[in-house]
Amino acid sequence: MISNKWLKITIETDPLLVEPISDFLVGVIDAGVETGARDELLFGTVNGYVQRANLDTDEVDDILARVKSYLTELARIFSVEEPSLSSTMIEEEDWGKSLKEHFKPFAIVPGLVIAPTWEEYRPAKGEKVITMDPGMAFGTGHHATTSLSLDFIRETLSEHGGVRLLDVGTGTGILGMAAVLYGAEEVLGIDNDPEAVSAAEENVRRNSLQDHMQISLTPLSSLDEPYEIVVANIVHDVLISMSDDLVRLTTDGGTLILSGLLTGEQVANIINVFTAKGCHLSGKDGRQEWSALRFLKG
């Protein structure tokens, strides 16, 4: 059996740039990311792992050029030395080993802890826990857009429990599983990546949530029945391309939560597009350079 090789990107940077670089790798390059903690000597090192296996030379060159351009611009904005960039191809198994070394239990939002399957975690009183294995589908919940989405999901469900929720681009299933824990009666998580669907299905079973959450490869455009809450934590351009279906699948009076957006022009554009389709902005939140929006339909 031939093992897949993945692209590993290593960036040495001023610690000031660690978070924006990590967010860029996750949100734009679609990479898994590991960094040292703030109090560790390696905090200035960012490792990114590009999910698409067996990339050809042109694809690697294009990815590295995009990262290099972003690093140059970021250094100019923050007036620091430009980060150094290097890359190598690694075996798939090496990524799994590295993930286990860096993915530790953490509170994604107050009162909700994400814990990996290989770490024993004893919850404090009143704490909710999602135990998961990201598998080959990225999404451990560290990204700011995940916690921003969760805040809106929790707030919405506290007002309207027992509803049906659609999680578009579910990844490893974190948002949908959390929604069940927060009171959603029925959740459907969809993704176009078979590896993500497989990982999410296993995570749902592992947390005994299968009576309330289903995972599917069904395309968004093929769904017919609307949901009281629709969540999509993806990226700007994809949200625009899906906008008609996202609005169509939100019930009248229902809530649409969108994230994966860079603060500024992307947020303004999403607001314009979705308000033009009959949605009204009811919430806006941001963290670092990322934002999430909540709309009411009708």
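Computed from the coordinates by the stated procedures, all read-outs in this text should not be read as laboratory data. For clarity, every value in this text was computed on a predicted model and none was experimentally measured. Neighbour counts are summed over all protein chains in view; Cβ atoms, including those assigned to glycine, are modelled from backbone coordinates with ideal geometry.
Some observations on this one:
- The trypsin sites (Lys or Arg not before Pro) of region 114-223 that DSSP puts in a loop, and whose beta carbon has at most 15 other beta carbons within 10 Å, are Lys125.
- Local electrostatic count at Phe24 - Lys and Arg +1, Asp and Glu -1, tallied over other residues with Cβ under 13 Å: -3
- Gaussian network model of the chain, springs between alpha carbon atoms under 10 Å - residue of Thr57, Thr45, Thr72 with greatest fluctuation: Thr57
- Restricting the calculation to Cα atoms, the chain shows an Rg/Rh of 0.96 when the hydrodynamic-style radius is the Kirkwood one.
- For the chain, the mean residue ellipticity at 222 nm estimated from helices alone is -10500 deg cm²/dmol, where every DSSP H run of n ≥ 4 contributes -39500 (n - 2.57) and the total is divided by all residues, rounded to the nearest 500.
- Build a GNM of the chain with springs between Cα atoms under 10 Å apart, and of Ala144, Ala199, Ala107 the one that fluctuates most is Ala107.
- The chain - percent relative contact order, Cα under 8 Å, separation 6 or more: 13
- Given their separation in residues at 0.36 nm each and the Cα-Cα distance between them, Glu81 and Glu185 gain 32.4 nm when the chain is fully extended.
- With a cut-off of 11 Å between beta carbons, the residues surrounding His212 carry a summed charge of -2, where Lys and Arg count +1 and Asp and Glu -1.
- Under-5 Å amide H pairs with Thr263, H placed in peptide plane, nonlocal only: Trp290, Ser291
- Value in Å of the Kirkwood radius, where region 136-297 supplies the Cα pairs that are averaged: 15.3
- Under the combined filter of DSSP loop state and at most 15 neighbouring Cβ atoms within 10 Å, region 52-90 retains these trypsin sites (Lys or Arg not before Pro): Arg52.
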